[in-house]
Amino acid sequence: MRRIDRTRLLVAFLMLPVGAAGQSILNTPHNLSVSGPGDIKAESETEVCVFCHTPHRSSGRAPLWNREDPGSTYKLYSSSTLLASPGQPTGSSILCLSCHDGSLALGDVLSRSSPITFAGGVTTMPSGSSNLGTNLADDHPVSFYYSSTLAASEGELADPASLSGPVQLEDGQLQCTSCHDPHKDLYGNFLVASQRYSTLCRYCHQKKGWDNASHALSSATWNGLGNDPWFHTGYSTVSENACENCHDPHSAEGEERLLNSKPEEENCLVCHNGNVAETDIQAEMAKTYRHDVFSYQGIHDPAEPALVTKRHVECTDCHNPHAAKALEASAPDVTGALLGVRGVDSQGEAVQEIQYQYQLCYRCHADSPNKPGSPTHRQVEQNNVRLEFDPSNPSYHPIEAPGRNTNVPSLIAPLNENSIIYCTDCHASDGTGAAKGPHGSIYPHIMKYQYITSDGTSESYQAYELCYRCHDRSQVINGMGRFYKRVHKKHIVRENTPCNVCHDPHGISSSQGDATNHSHLMNFDLNVVSPDPRTGRLEFVDTGNFSGKCYLECHGKRHSPKSY
């Protein structure tokens, strides 16, 4: 058979109609001949397959490869969470790169004595999304063995034995052709399956919690303001974009984990700025007091310990974008927004998936070094909130368990002595309709409501709204007859003494305090209260139900003791 006949047979085979669309390589951008539909095509060459294949004088690589290897050394994808071991590209991947790394002329084929000329003076692959260059660190890894052992170790990868669909391995390795079919372009970018709803990604990536996650189900669309969150896709809803809400499989700006943006928070805030998601988290994080995600970059690592050892905060420290969803809960149980995140339990042990909200807060605010210190200089100093909220303490706010005091008449229904509250009942974004979490507030310490701690504050509902949201103001000042009037009304109203001077809002550790001296969250602010200069005593003594006495000096007055 003559060479021309063999070539025609190969061309005819590759041009056979495909599926209902009747597509062949003729009407794809890989038809680089003069008849090709794309912007990159030959000046006069009519053969279609010659740019990749030849029946004679091939490189020796299958399938009848008509090009030299690029000979490049590539920078490979790497991340702390990658368990696979990608090597320099092999198999079909190195064949694809002979055009797509931009180093060899597109018309430089082995079967021709001189390069095929391209229209417009094009020689190598023009810059753009099709030119990957030699830096593959920003591209999905290829040329690695995808084994059952790897899948089991990683935990969220499909067993390769289950890959019976369009995604196929090449001699046990994942290569470019696992995701791309160079002869068919039914789904765009020569993908072997649709990327709508991340169908293609999910053949291999099976993220825990994804099926019911908000990012998998949300029909929210972009309102056209600000930056386009889906600049590299053709889809218009969160659910349709799925993985690509945050990730770009090729030429990702954030190389590690292939994020759309290098600053971690931008991958979240491009939608959570009110332009896609209903709640504007970006506006909350512009407030004076906030979890300042903007001040850190490249510190957070998904592989870091559950107990944070290097101070930082990023959105994904608190939220798992693959599992988070709208799901209400009651304290202390974890809400849907925090599903699938790690934490630290009440014993200081790592927890892979938190069950209670406080376990997330303990990641940073318990045993971690270099954490924020106490804003008040107290008689009993303690910065570890895990120890402050321990139910074995003499007193504590009920974060882990109901409080010790069984008689608190000031509580506003539905709260009662058996109630448990969230950390975010106090620490959260301020304002009506604001996000529930502690993203940002106009009040210090990311308080949901105002809580003034400065001595000399005139009492009002607004000054202590944080307290009065749970403790009825009239009961605090005038309730329970003589006791509250002598203690609270005298100090808060007449002496302009803030709640914070006497009460530590978290709790007092059992290793530092006792039920006699530190019941009712008693832990004095040493900036206001000092020891009695005559006796040196500084203490509160609980003498029973609604009674006690103090030994101290406050506002120039000695209490030795002052009984209530």
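The values are calculated or read from the model by the stated rules, or taken from the named source; none is laboratory data. Note that the structure is predicted; figures quoted are calculated from it, not measured. A quick note on method: Cβ atoms are made from the backbone with ideal geometry, for glycine too, and the neighbour counts reach across all protein chains shown.
Observations on the structure shown:
- Within segment 101-156, the only residue that satisfies the criterion of being touching a Leu at 6+ places or on another chain (Cβ under 7 Å), of a type in the set (A, V, I, L, M) and closer than 16 Å to VAL50 by Cβ is LEU106.
- Residues that are in contact with a strand residue (DSSP E or B) (Cβ under 9 Å, 6 or more places away or on another chain) and of a type outside the set (D, E, K, R), drawn from segment 231-250: SER236, THR237, VAL238, CYS243, CYS246, HIS247
- Within segment 364-409, the set of residues being within 17 Å of MET522 (Cα to Cα), among the hydroxyl-bearing types (Ser, Thr, Tyr) and buried (at least 17 other Cβ atoms within 10 Å of the Cβ) comprises THR376, SER395, TYR396.
- Looking only at segment 482-529, and only at residues there that are of a type in the set (D, E, K, R) and free of Cβ contacts under 8 Å to residues at least 60 places away in the same chain, the one that is nearest to SER454 (Cα to Cα): ARG494
- A count restricted to segment 125-167 and to residues that are part of a loop (DSSP other than H, G, I, E, B), without any contact (Cβ under 8 Å) to a residue 24 or more places away in the chain and over 30 Å from the mean Cα position of the chain (by Cα) stands at 1.
- Hits in segment 168-219 - residues which are farther than 20 Å from TYR77 by Cα, surrounded by 16 or more Cβ atoms within 10 Å (Cβ to Cβ), in contact (Cβ under 8 Å) with a residue 40 or more places away in the chain and in contact with an Asp or Glu (Cβ under 8 Å, 6 or more places away or on another chain): PHE190, GLN195, ARG196, TYR197, SER198, GLN206, LYS207
- Any hit, segment 193-214, residues being touching a Phe, Trp or Tyr at 6+ places or on another chain (Cβ under 6 Å) and of a type in the set (A, V, I, L, M, F, W, C): no
- Residues that are touching a helix residue (DSSP H, G or I) at 6+ places or on another chain (Cβ under 8 Å) and modelled with pLDDT under 95, drawn from segment 162-176: LEU163, GLY165
- Contact annotation: residue pairs with Cβ atoms under 8 Å, 6 or more positions apart or on different chains, pairing a residue in segment 50-65 that is at positive phi with a partner that is small (Gly, Ala, Ser) and surrounded by 11 or more Cβ atoms within 10 Å (Cβ to Cβ), are ARG57/SER111; LEU64/SER58.
- Verdict on VAL541 being outside any loop (DSSP other than H, G, I, E, B), under 16 Å from CYS467 (Cα atoms) and in the same structural domain as GLY456 (by TED's automatic domain parsing): no
- Where GLY343 falls short, out of the listed (1) more than 27 Å from VAL528 (Cα to Cα); (2) surrounded by fewer than 14 Cβ atoms within 10 Å (Cβ to Cβ); (3) at pLDDT 95 or above: (2)
- Filtering segment 190-222 to residues that are in contact with a strand residue (DSSP E or B) (Cβ under 7 Å, 6 or more places away or on another chain) and outside any loop (DSSP other than H, G, I, E, B) leaves LEU191, LEU200, CYS204, HIS205, THR221.
- Members of segment 470-485 found to be at pLDDT 75 or above and in a helix (DSSP H, G or I), listed by number: ARG473, SER474, GLN475, VAL476, ILE477, ASN478
- Restricting the search to helices (runs of 4 or more DSSP H) fully inside segment 223-339 and requiring at least 2 residues that are touching a residue at least 60 places away in the same chain (Cβ under 8 Å) and not basic (Lys, Arg) gives 281-284.
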